[in-house]
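None of the figures in this text is laboratory data; all of them are computed from the coordinates on show. Quick caveat: nothing in here was measured; it's all calculated off a predicted structure. Every residue, glycine among them, receives a Cβ derived from its backbone with ideal geometry; neighbour counts consider all protein chains shown.
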Amino acid sequence: MPSETASTVYPFFARNGYLSNWHPLYEHRPDQLRMARAVESAIRERRHLLVEAGTGTGKTLAYLIPALVSGKRVVISTGTKNLQEQLFYKDLPLLQEHWSRPLRVCYMKGRNNYLCKSKLHGAAEMAILDGLQEVREFEQIAQWETHTLTGDRAEVHGLAEDSRLWPKLDARSDRCTGQRCTHYENCFITNMHRVAHESDVIIVNHHLLFADLAVKDTDFGAIIPEYSVLVLDEAHDVEDVAGQYFGLSVSNLQVQDLTRDVRLLLRSLKRKEPQLENAVNFLDDASATFYQVFSGTEGRVGAQHLPALKAQAETPYGDLLLALSLAGSAIQTRAEGVADFAPLFRRARLLVETLQTWMENPSQEQVHWVERRGRMISLQSCPVDVSDLLREKLFGAVETVILTSATLAVADSFQFITSRLGVESPSTLRVDGHFDYNSQAILFTPAQLPDPRSPEYAPEAIRLLEQILQITQGRAFVLFTSHQQMRLFYNQMHELLPFPTLLQGTAPKHHLLNQFKETPNAVLFATAAFWQGVDVPGEQLSCVVIDKLPFSVPSDPVVSARIQRITAAGGDPFREYQVPQAAIALKQGFGRLIRSGSDRGVLAILDRRIRSMAYGQTFFDSLPPYRRTSSLGDLAAFFGAGPSGFPSTESPLS
Ligand code: SF4
């Protein structure tokens, strides 16, 4: 590494450097400079780098500036939309104002975020509008289409997130006719690809990135252009997202969508096709009978039940394959004359291939399960271990991959994440961030509670929680490791508490979050959905309580397969997998509290195992250096000092 001042990024981050001049609220942060120099070296030396950067480090500028200085094309992939928007609407425009050359930036989203012109213009014939609301939305979208440059639904003011019309008009690939489409040259997707090819910085999310990596070698090809630097921000959940895209999924809803789209197309063509209509009717029936066998209970059903289910499904499976192949050939013969039939044929063929692989040729390298969520019944699989795939397709193929997050290390070590992801000999760096955790937060770990697995636990924990919330005057997230526990606590507490209470599942997540922010002294009862990507700076959130150490459920098919794999290799799955994974999850959950230099509050974990079990130390060693106590008196004293007068000094560059 060159000396500090010789580094090309030093003048940006130095005291009184460029950033100080560009923004009046910019604060010099030594940790940010350390991170920027590490990123600069990794890019120059074509190495991979892992950086755990505590909240408040200012990590986005710490990777953006060296990436831009390198002149190489960089892809930045994030876990949340908030961070993508911060990069695109805040950090990059600030740099652009002062950069010596134009920065070409592209914000790529999944295809279902964009309008399909062909569907919009064909909508009148397709008779797809259902009800007045859809007619109104259609008129608004048609008006917007005449002037939008991107076709991105985020521009349509007031379009509901759960709009029923939008999915009928979006540009997802399974209904796209590609170059045979008359709108191809002006298509928003074609245009997005053009812009991406000319861009220096491309912003995507992890889902798009891994979907792209998974199809890179197939006929449909990649959509993200070649790049030599990849930044994976919020990299702590990469293993799970990657797993989804290197696996299989075939559901009853995919079949229903296919038959619905065939009927819609026939209607728009005003064609009577009895043979094809009979084929799709037969397909609907065969699919319903087949998936009925797998309809069991809500949630996931894993390996031990699959042989019996497959045996039971043998005849319906044969019928479903026959129905798919009959419908497929009927569609294919029409695809010669009408381009719109081509993607439908492609979908029928893909359904057959996926179904056959799942039912007949399950890979030993993948874990298989059945998942039912509401009306959806899905046959799924994912790799037990994604490390080999990522080593080949990502770390072996891209010059420099920077992985960063506030939660990557376990007790100062990156061993867990490097082995799970297959990154070999990366450079590593930990920077604590900009906050004084010792004075801003107090970690409460009670000594007296019963074991959380015992029946005595809930009543005692509820009593204690009530006392904690009295001290903090509500203003709390109470986060649970299961829905059942969340409902139990909520049902017993919401009438007892003198504070407004909110419950996950009673409204969409963003509504609940807004309600929480706007309701003084509110208490939100929630689960894993609120453990990350949630930001409530200020005293409105002054307490985060977690019921149990967040070990993943060992009966979950994916977790169970990973445990078995480690055991078979002679390892200790609890120490090597379950404890590190839970330590990272706990750090994530607690990370909700201190989001700015002026936040203060209580973190409480109502699980005595963190104190009584030997592995508890790994959790303590993985958390920032919070002040620790087991006394409610200390909490009261901490709040006696008063959370009032929270000054709002958060830098907009954090
Ligand atoms: S090319 Fe595909 S996505 Fe684009 S307008 Fe045509 S059908 Fe729609």
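By a straight-distance test (C-alpha under 20 Å), which lysines pair with K509 as possible cross-link partners, with residues fewer than eight away in the same chain excluded?
K509 reaches K81, K517.
Round to the nearest 10 and give me the degree value, 0 to 90, for the angle of helix 30-44's Cα axis relative to the longest principal axis of the chain.
40
Provide D237, D174 in ascending order of the number of other Cβ atoms located within 10 Å of each residue's Cβ, fewest first.
The order, fewest Cβ neighbours first, is D174, D237.
Suppose R0 equals 56 Å; then what is the FRET efficiency for D432 and Q292 from their Cβ-Cβ distance, rounded to the nearest 0.05? Mind showing how you got there, number by number?
Numbers: r = 55 Å, r/R0 = 0.98.
Given R0 = 56 Å and the Cβ-Cβ separation, E is 0.55.
How about K119: which lysines have a C-alpha closer than 26 Å to its C-alpha, ignoring those fewer than 8 places off in the same chain?
Here the lysines satisfying the reach criterion relative to K119 are K109, K168, K270, K272.
Taking the dipole about the Cα centre of the chain, with the C-beta of Lys and Arg at +1 and of Asp and Glu at -1, give me whichever of P102, S612, T60 is farthest to the positive side.
P102
Report the FRET efficiency, 1/(1 + (r/R0)^6), for S454 and R15, where r is their Cβ-Cβ distance and R0 is 60 Å, rounded to 0.05.
Numbers: r = 55 Å, r/R0 = 0.92.
Efficiency, from the Cβ-Cβ distance: 0.60.
Quick one: compute the contact order of the chain, relative version, from alpha carbon pairs under 8 angstrom and 6+ residues apart, as a percent. Please report the intermediate quantities before stating the final value.
Working: 1060 pairs, mean separation 114.9, N = 654.
Over the chain, the number comes to 18 percent.
Can you work out the FRET efficiency for the pair D634 and K272, with r the C-beta to C-beta distance and R0 = 56 Å, to the nearest 0.05? Walk me through the numbers before you get to the answer.
Values: r = 78 Å, r/R0 = 1.40.
With a Förster radius of 56 Å, E is 0.10.
Only counting other Cβ atoms within 10 Å, I'd like D547, D572, D319 sorted with the fewest neighbours first.
Values: D547 24, D572 11, D319 16.
With the sparsest Cβ surroundings first, the list reads D572, D319, D547.
Please compute the contact order of the stretch 112-192 in relative form: average sequence separation of alpha-carbon pairs under 8 Å and at least six residues apart, divided by the residue count, as a percent. All intermediate terms of the calculation are to be shown ahead of the outcome.
Values: 65 pairs, mean separation 42.0, N = 81.
It comes to 52 percent, rounded to a whole number.
Starting from 0.36 nm per residue, how many nanometres of slack lie between A339 and R565 once their C-alpha separation is accounted for?
76.7 nm
What dipole magnitude, in Debye to the nearest 20, does the chain give about its Cα centre under +1 on Lys/Arg Cβ and -1 on Asp/Glu Cβ? Write down the numbers at each step before the final one.
Numbers: 65 positive and 73 negative charges, 54 e Å.
The dipole of the chain has a size of about 260 debye.
Could you work out how far helix 457-472 tilts from the main Cα principal axis of the chain, as a 0 to 90 degree angle to the nearest 10?
Rounded to the nearest ten degrees, it is 60.
Going highest first, how would you order 34-45, 438-449 by mean Cβ packing within 10 Å?
Result, highest mean first: 34-45, 438-449.
Taking the simple approach of a point 7 Å from Cα along Cα-to-Cβ for both L132 and L309, what is their distance in nm?
Reported label-point gap for L132 and L309 is 4.4 nm.
Provide L208, L283 in ascending order of the number of other Cβ atoms located within 10 Å of each residue's Cβ, fewest first.
Ranking L208, L283 by Cβ neighbours within 10 Å, fewest first, gives L208, L283.
Mind pulling the angle between the C-alpha long axis of helix 188-197 and the longest principal axis of the chain? Nearest 10 degrees, somewhere in 0 to 90.
The two axes meet at around 50 degrees.
Toward the positive end of the charge dipole of the stretch 112-192, about the Cα centre and with charges on Cβ (Lys, Arg +1; Asp, Glu -1), which of A154, L165, I128 goes farthest?
I128
Relative contact order of the stretch 437-640: what whole-number percent is it, with Cα pairs under 8 angstrom and at least 6 residues apart? Mind dumping the intermediate values first?
Working: 329 pairs, mean separation 74.6, N = 204.
Value for the stretch 437-640: 37 percent.
Given only helices, namely DSSP H runs of n ≥ 4 each adding -39500 (n - 2.57), what is the per-residue ellipticity at 222 nm of the chain, to the nearest 500 deg cm²/dmol? Don't jump to the answer; show the numbers that get you there.
On the way: 28 runs with 288 residues, N = 654.
Computed mean residue ellipticity for the chain: -13000 deg cm²/dmol.
Sticking with the crude label model, points 7 Å out along Cα→Cβ, report the distance from R463 to S329 in nm, one decimal please.
So the label points at R463 and S329 sit 7.3 nm apart.
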